[in-house]
Amino acid sequence: MDVTHTPVLIERVVDLFAPALRRPGAVVVDATLGLGGHSLALLEAFPHIRLIGLDRDTRALEHSRLRLAGLGARVDLEHAVYDRLPDVLEQLGVPAVDGILFDLGVSSMQLDLDERGFAYSRDAPLDMRMDQERGPTAADVLNTYDVNALTRVLRDYGEERFARRIAQAVVTQRQAAPFTTSARLVDLIRDAIPAAARRTGGNPAKRTFQALRIEVNAELEVLGRAVPAAFDALAVAGRIVVLSYHSLEDRLVKRALGPRAAPSVPPDMPIVPDDAQPTLRWLTRGAEAASEQEIEQNARAGSVRLRAAERTAAEPGRTQHPTGGVR
């Protein structure tokens with residue numbers, strides 16, 4: 001397994017977390033552990049922190065256990081989807097944390113291993129499950145969804161203009177033989193899209209593969225639950241950093257966190273009571289992109305969008321935890 005990949009925006013991530021993780025007894029959660037690159041950088045930059053790492057991919061967890069083994073009691077790694085963060089923290093007896101990182105999308109390992117089926121550039125089984133121990137595969141979606149359901153997936157999750165044409169072609173072709181590998185699907189997509197549309201925008205299969213991956217892993221539903229739950233788990237002055245790789249993720253993160261940056265009173269109210277003050281302060285102006293230099297060195301940084309925020313107050317009715325957290 002190639003473990004030489006470079007985590008995206010790693011220096012920026014470390015800098016954003018620094019004020020929160022320099023506190024005594026700080027706890028940080030890497031909600032999308034992957035190969036552990038961001039986690040290792042945080043553990044090295046802040047020698048006294050405790051890190052809790054989550055991942056639904058058992059192979060990624062196995063690798064990260066080996067990579068972080070020398071850090072002993074400072075690290076807890078859990079097999080869990082990131083919307084289960086509150087359950088994990090409760091099981092570990094952690095009332096609040098000082099930092100939470102989400103590095104969304106497909107990990108380097110998942111892209112690089114052919115048998116996972118995430119890459120449209122190589123012929124491979126149509127799996128696309130981040131947790132290969134459960135759930136339907138991309139092949140199951142292609143072979144069982146009707147035209148309308150498949151069109152919805154491709155249109156909503158892939159923002160594919162020719163979603164219905166592709167869906168109709170899939171339903172027609174699977175009558176002859178079910179879809180099992182990616183090369184046949186890539187050929188179908190190329191044939192279903194008008195020639196003029198194939199000349200721009202890169203590989204025409206990328207939107208369909210993105211859509212199938214999101215559907216198979218319920219990524220947006222999970223993220224929609226996970227981001228508010230993560231913010232609720234933050235101590236006051238704790239920070240959340242989210243790296244998104246397509247507009248659907250980024251918009252969801254903005255919608256989930258944005259209302260907390262404004263007072264919870266009507267806009268024409270002259271005085272804002274203390275219990276209605278914003279509970280969030282944005283640390284980024286909009287969504288930050290990687291520098292041209294980083295993109296040159298790491299192509300997977302090309303589509304990243306980073307948002308970060310700090311918790312400024314507890315929610316009304318929640319009390320301050322003695323170590324700085326809230327409950």
Size of the range 2-94 along its principal axes in angstrom, Cα-based, largest extent first?
-> 35, 31, 24
Magnitude of the Cβ-charge dipole of the chain, K/R +1 and D/E -1, about the Cα centre, nearest 20 debye?
-> 620 debye
Taking only the C-alpha atoms, wrap a convex hull around the range 234-279 and report its volume per residue in Å³ as a whole number.
-> 83 Å³
Return the calculated 222 nm mean residue ellipticity for the chain, to the nearest 500 deg cm²/dmol, obtained by summing -39500 (n - 2.57) across DSSP H runs with n ≥ 4 and dividing by the residue count.
-> -11500 deg cm²/dmol
Give me the Debye-computed log₁₀ of I(q)/I(0) at q = 0.19, 0.25 Å⁻¹ for the range 209-270, equal point scatterers on Cα only, no solvent, two decimals.
-> -0.80, -1.11
May I ask for the equivalent-ellipsoid semi-axes of the chain, computed as the square root of five times each C-alpha gyration tensor eigenvalue and listed largest first in whole Å?
-> 37, 23, 18
Average projected area [Cα convex hull, the range 176-327], square nanometres | 14.6 nm²
Can you give the angle from 0 to 90° between the axis of helix 182-192 and the longest principal axis of the chain, with both taken from C-alpha atoms, to the nearest 10?
-> 70 degrees
Can you check what the net charge comes to around residue 280, using other residues whose Cβ is under 10 Å from the Cβ of residue 280 (Lys, Arg +1; Asp, Glu -1)?
-> +2
Using only the alpha carbon atoms of the range 150-216, find the Kirkwood hydrodynamic radius as the inverse mean reciprocal pair distance, in angstroms to one decimal.
-> 11.9 Å
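Here, each number is a calculation from the coordinates, and none is a lab measurement. All of these numbers come straight from a predicted model, not from anything done at the bench. Virtual Cβ from ideal backbone geometry, glycine too; neighbours counted across all protein chains shown.
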